[in-house]
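Please treat every number below as a calculation from the coordinates, not as lab data. All figures in this text were calculated on a predicted structure; none of them were measured in a lab. As a convention, Cβ positions derive from the backbone with ideal geometry for all residues, glycine included, and neighbour counts pool all protein chains shown.
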Amino acid sequence: MTGHAFRACAAAIAACLSVALQARADTPAFTPQDRAALGAEIRRILLDEPELVARALTPPSAYEQAVSDDIARLDRLAPRLFDPAHEGFGPATAERRIALFTAEDCADCDRAAADLRTMAEPHDLRVTLFRLSDQDAAALAAELELTDLPAYVLPRMMLQGHIPPVVLERYLTR
């Protein structure tokens with residue numbers, strides 16, 4: 001169960017309990033049959049989904065939270081990162097997308113762009129280019145907390161530093 005699904009389930013349980021407590025204030029206490037039915041339902045849910053207890057008792061790790069935050073940031077910035085009208089190469093309707101952040105006088109950045117150019121057609125890849133000499137690109141890189149160039153931004157991950165083409169191919173085919 002995802003964190004979102006867990007929170008939704010917890011909210012639903014809280015809402016049910018709230019209604020039950022409100023009803024309790026207006027009516028007599030649960031009958032023994034009501035208590036037994038509620039207990040049986042809670043037991044069934046916990047037996048069917050034991051991870052609910054573990055998740056309720058174990059907060060997400062700092063790493064999990066950081067990954068979740070990064071993915072949320074990528075989702076929010078995706079329209080800017082992967083805009084087919086933005087400067088780049090590869091088919092605008094490509095299935096796979098990468099935003100490449102580069103700087104002037106960066107040999108690894110030039111090599112990364114060349115690698116991606118050779119990969120664009122065989123991998124149905126659209127690459128949007130962001131040069132840090134451009135203020136908007138620099139602001140976007142800062143928002144993504146990119147510190148090493150070249151930086152490759154995919155829809156679900158960010159990679160920093162030159163990545164060999166064979167490794168990039170693995171990421172693209174995940």
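Taking each residue as 0.36 nm, the span from Glu104 to Val166 lengthens on full extension beyond its C-alpha to C-alpha distance by 19.8 nm.
In this rough spin-label picture, where each label sits 7 Å from Cα along the Cβ direction, the Phe30-Leu47 distance is 1.7 nm. Fully extending the segment from Ala113 to Ser61, taken as 0.36 nm per residue of separation minus the present Cα-Cα distance, adds 15.2 nm.
Each peptide among 72-85, 39-52 gets the average number of other Cβ atoms lying within 10 Å of its residues, and from highest to lowest they stand as 72-85, 39-52. Restricting to bridges with both residues inside the stretch 78-172, how much of the DSSP beta-bridge set is antiparallel, in percent to the nearest 5? DSSP beta bridges in the stretch 78-172 are roughly 55 percent antiparallel. Using 0.36 nm per residue and subtracting the Cα-Cα separation, the extra length available between Asp69 and Asp136 on full extension is 22.0 nm.
With q set to 0.24 Å⁻¹, the log10 of I(q)/I(0) for the stretch 105-174, from the Debye formula over equal scatterers at the Cα positions, is -1.22.
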